[in-house]
Amino acid sequence: MHRRSFTLGSLGLAAGLATRPAFAQPSYRGPNVILVRFGGGVRRAETIDEAATWAPYLRHVLAPRGTFIPDLRIEKLEGVNTSHAEGTLNLLTGRYLAYRELPGVGDQLEPTEPTLFEYLRRAFDIPSHQVLLVNGEDRPQEEFFTFGSGAFGRGDHFGLDVRSEMLSLHRYKLYRTAMQLAEGRLPEDELLKVQEERAALLTKDPRGATPDPSPQVTAFWARWRQDFGDTGLKNPRGDRLLTELSVRAMRELQPRLMMVNYQDPDYVHWGNPSHYTRAIAIIDEGLQRLVAAADADPFYRDNTIFVITPDCGRDANPLAEVPFQHHFNSRSAHETWAVIFGPGIGKGVVDRPVDQSAIAPTIAAAMGFAASSAEGRAVEEIFL
């Protein structure tokens, strides 16, 4: 490969990229929403139990700040798995089984119904860089949740028009390799390695339909690269990376709707319970940073609703060789919770069971649009 043959023009980074739908919509004047997937699957015992929690900020500070839903349940339906991708899509679409496997790539799922991102951008004039999904480096399956196939019955390209954008280490690597090839400053053998790395990254999306980032997100990655470089040795990792990406996004991109997909509790699959409990504590620390950033920023202060809820629960079988699994369809794997606080949200406890499919229509009601394909119903009693 000639070091100058890969030009910036071939990156698709031109400012002419359309980042808004091609139809007229009103300006958005509602609250911002930050949806935190307290992910990797967590049990109530280690998160919302007042005495045993590893997330004291969540349980003792945030839960009293708004509405606490201690009994959020994943419906036991045929084909419904208590797992991370499935639970995340339940939250984003308000439906169960609203996804399909991408052909030829194993367990990677794509939504088949509109996501909250698409509903919001279809209803209001919001650019793509203000509707964000922040994803973990070990969950490449979730790089495809930015838009659904056949959304609103208009085909994939309608979904693309109202997609969210993705912040993740995978997306940064796509940016970084593109820049390294365009700049051509590395020795020939290192450029060849970067070319191979980029080719491997591009194979992760079999749809071939994911657009390049908007100019605003491209500039975000340029600043990230300036601060953290190309080696991957300086930037935070795991869920601390997601917190850093999210706080920076709030400051630099001002998303109206942002979903943060924390994931590290899932490391318990390696067999060490401390991987799980420590990861819960790390998410709790991340919540402190996110809420502090919102409280300190005039764009977010007094105008931001936080929705914090797990993707799924975990099993409670003390005889399992590896504790805290979530694939056996046990009762505790179907049991989750939610904490919701912000302007227009009351303080108190919802003392009835609530279905996980209610999260999407509740967010939709808070933001002023209809999640028309959701099968759940908004939790109306949380609103003032």
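The values are calculated or read from the model by the stated rules, or taken from the named source; none is laboratory data. None of these values were measured; they are calculated from a predicted model. Glycine also receives a Cβ, built like all others from the backbone with ideal geometry; neighbour counts cover every protein chain displayed. Areas reflect the complete protein model, heavy atoms only, side chains present, ligands, DNA and RNA absent. Shrake-Rupley method; radii C 1.70, N 1.55, O 1.52, S 1.80 Å.
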Estimated FRET transfer efficiency (Glu75, Leu202; beta-carbon r; R0 51 Å; 0.05): 0.85
Ellipticity estimate at 222 nm from DSSP helix runs (n ≥ 4, -39,500 (n - 2.57)) divided over the chain, nearest 500: -9500 deg cm²/dmol
Mean separation of Cα contacts under 8 Å, 6 or more apart, over the residue count of the chain: relative contact order %: 32
Note, ³J(HN,Hα) from phi for the range 257-269, Karplus 6.51, -1.76, 1.60, rounded to Hz, x at Gly and Pro: 10, 9, 10, 10, 9, 4, 8, 4, x, 5, 5, 4, 4
Beta bridges by DSSP in the chain, antiparallel share as percent, to the nearest 5: 35
Exposure ranking of Lys347, Lys204 by accessible area [1.4 Å probe, largest first]: Lys347, Lys204
Cut-off 12 Å between beta-carbons: net charge of the residues surrounding Leu77, Lys and Arg +1, Asp and Glu -1: -2
Ratio of Rg to Rh over the chain (Cα coordinates, Kirkwood Rh, two decimals): 0.96
Charge dipole (debye, nearest 20) of the chain; +1 at Cβ of Lys and Arg, -1 at Cβ of Asp and Glu: 860
Positive-end extreme of charge dipole, the chain - chosen from Leu58, Leu132, Tyr262 (charges on Cβ): Leu132
Glu381 accessible area, assembled protein chains, probe 1.4 Å, Å²: 100
Other-chain or far-sequence residues with amide H under 5 Å of Val33's (modelled H): Leu257, Met258, Ile305
